[in-house]
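Remarks on the structure that follows.
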């Protein structure tokens, strides 16, 4: 973390090397729950990216003012604030997607990706780099869940973004848009990603008991003796 | 009474939090390696869920609603939950050291468990009363427990299985979760009215 990072590498980091969904395995709940359709994945990704960029920016600005002891509640409040903004924007401008995503929009607050980036990146870097990191991570998340959404939608409903694509090639298997399909597609895609990148990282985001990677508030709290 | 029973069975089996609503996936995948840790974690989740449902319901009804502050629900709930978890931890440490020993390490992890915030948001969405909310929280916790313990049994067996390189670790776990989730689909037609 100490060496100087170029802006481009920070931006690209989230897309491949540290893809939040496929590599770090963060934010699993929304990745599985809302990906019954490619469109939902895109909407969820956009919402999360907005919160991620906003909270990264604010946290990198206030990182020197906030005492270390209360940083977790402070960060949670910042993140919750941005989530509320996104919730209102979605309700006003994209009511249809908002309805589909349901409680997973407010649940962005507890999405580990956002907290992990606040802890692991925004806390240690300046505003510009943090915003770039937010954009990169957000894009990585959006692309990943849109891919999951596309696979599930094509196999499960025979459509993509609502357009029929398989016509009569095969009978859509409803199982893929039901919960088991979510786990299955996610598992297969992570395996494919592992296979293609071939960089086997031990621990794979499971260094912490919560399974949310290292940056989860729960873990840092536990590590610091739960002072928050 | 009948309604409460319907909520209980519904939240536990039909719409199991982990396997069909995808709430609380992080701890589900994270602490299900051994049955003993799974038990500890789910105990802590049931405990916190019941209390947090009661507290968030009261916050919503007597603080947010009268002041037309419903749009602050997300912020209010997460702060209440974070404070509550901390409070429960401190109280347990002082009053029930043995219970604290069993649940202690899992408590801080619960703040970010989407099941807790999720069930608070669900009672708002469904307009549950106080008792219903608490029962719902309890049932959701039981459902989480059931899924976690069943799954930890599966995972203990996976440890020794011969798995292709790319599937090692998380991918095979997810596929196993998919199979466990299929079994819970069997409850989908169970509607109590």
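Every number in this text was worked out from the coordinates using simple rules, so none of it is lab data. All figures in this text were calculated on a predicted structure; none of them were measured in a lab. Cβ atoms come from the backbone with ideal geometry, glycine included; neighbour counts cover every protein chain shown.
General observations
- Column: log10 I(q)/I(0), Debye, Cα scatterers of the stretch A:92-182, q = 0.21, 0.25 Å⁻¹: -1.10, -1.24
- Cα-based shape type of the protein assembly as shown, given that a ≥ b ≥ c are square roots of the gyration tensor eigenvalues and the cut on a/c is 1.5: rounded
- Anisotropy class of the stretch A:8-223 from Cα gyration tensor, a/c 1.5 cut: prolate
- As a length-normalised measure over Cα pairs under 8 Å and 6 or more apart, the relative contact order of the stretch A:8-223 settles at 34 percent.
- Neighbouring partner chain Cβ atoms per residue of B:16-27, average, 10 Å criterion: 6
- Residue exposure proxy: B:174, B:121, ordered by other Cβ atoms within 10 angstrom of their Cβ from fewest to most, comes out as B:121, B:174.
- Shielding score for A:20-28, defined as the mean number of other chain Cβ atoms within 10 Å: 3
- Tensor-based shape of the stretch B:2-189 (alpha-carbon gyration tensor, a/c under 1.5 rounded, otherwise prolate or oblate): prolate
- The angle between the Cα long axis of helix B:73-95 and the longest principal axis of the Cα atoms of chain B comes to about 80 degrees, rounded to the nearest 10.
- Simple spin-label estimate for residue A:6 and residue B:54 gives 5.9 nm between the two label positions (7 Å along the Cα-to-Cβ direction from each Cα).
- Counted by neighbouring Cβ atoms within 10 Å, the residues B:156, B:132 run from fewest to most as B:156, B:132.
- Percentage relative contact order, the stretch A:142-189, counting C-alpha pairs under 8 Å, at least six apart: 36 percent
- Averaged over the residues of peptide B:33-41, the number of Cβ atoms from other protein chains lying within 10 Å of each residue's Cβ is 1.
- Normalising the average separation of contacting C-alpha pairs (under 8 angstrom, six or more residues apart) by the number of residues puts the relative contact order of the stretch B:2-189 at 44 percent.
- Neighbour counts of C-beta atoms inside 10 Å place B:168, B:33, B:2 in the sequence B:2, B:168, B:33, starting with the fewest.
- As a calculated quantity, the FRET efficiency between residue A:70 and residue B:61 at R0 = 35 Å, using C-beta atoms, amounts to about 0.75.
- Between 0 and 90°, nearest 10: helix B:114-126 axis offset from chain B longest Cα axis: 50 degrees
- Distance from the C-alpha centroid of the stretch B:31-86 to that of the stretch A:1-77: 23 Å, rounded to the whole angstrom.
- Between residue B:185 and residue B:149, the C-beta separation translates, for a Förster distance of 22 Å, into a calculated FRET efficiency of about 0.70.
- Where labels lie 7 Å past Cα in the beta-carbon direction, separation of residue A:173 and residue B:165 in nm: 2.7 nm
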